[in-house]
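Comments concern the structure below.
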Amino acid sequence: MRISGVRVASAAVVLSVAGLVAGCGEVGETIEQVDGATDKASACSEALGIVDLNPNLDPEQAAAKAGEKAEQLRQLGNEVADQSVQESLFRLADGYVELEQRKADHLDNFNQWLQRNLTRLDQLRQACF
């Protein structure tokens, strides 16, 4: 049985198109992953700019800005696709809500709050990198 040159050429074209379509799907997936990484990097960078935790932090100043920081971290958490980064952002936001609530209690145990949230910040850094 003899296969004509037209059939061979047609089969080659079909296989080439199929290969391109499959390749496009892989390219699309790669682009989505890169977009997700950009979102993650942007969210991490922004979060680290929002969070201001250091041993010399003034408790009164921290409490005064706690509600605003909690809201910013929650909004950022709702925008990021990466689950571990999102969870870390929500935990940090919860820590700021806790600080805002303690403001009424005259900031009892501020050092404990600071240590807990330094741990949460470290978890965010690990999720980001």
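Some points to look at:
Rundown of residues vs (1) at pLDDT 65 or above; (2) open to solvent by less than 60 Å² (accessible area, probe 1.4 Å), yes/no style:
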site: Leu20; (1), (2): no, no
site: Gly36; (1), (2): no, yes
site: Asp39; (1), (2): yes, no
site: Ser42; (1), (2): yes, no
site: Asn54; (1), (2): yes, yes
site: Ala64; (1), (2): yes, no
site: Gly67; (1), (2): yes, yes
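- Output for segment 81-99, where each listed residue is crowded, with 18+ Cβ neighbours inside 10 Å and not in a helix (DSSP H, G or I): Asp82
The values are calculated or read from the model by the stated rules, or taken from the named source; none is laboratory data. Predicted, not measured: the structure shown is a model, and the values here were computed from it. Neighbour counts are summed over all protein chains in view; Cβ atoms, including those assigned to glycine, are modelled from backbone coordinates with ideal geometry. Please note that ligands, DNA and RNA were not included when accessible areas were found on the heavy atoms of the full protein model with its side chains. Shrake-Rupley method; radii C 1.70, N 1.55, O 1.52, S 1.80 Å.
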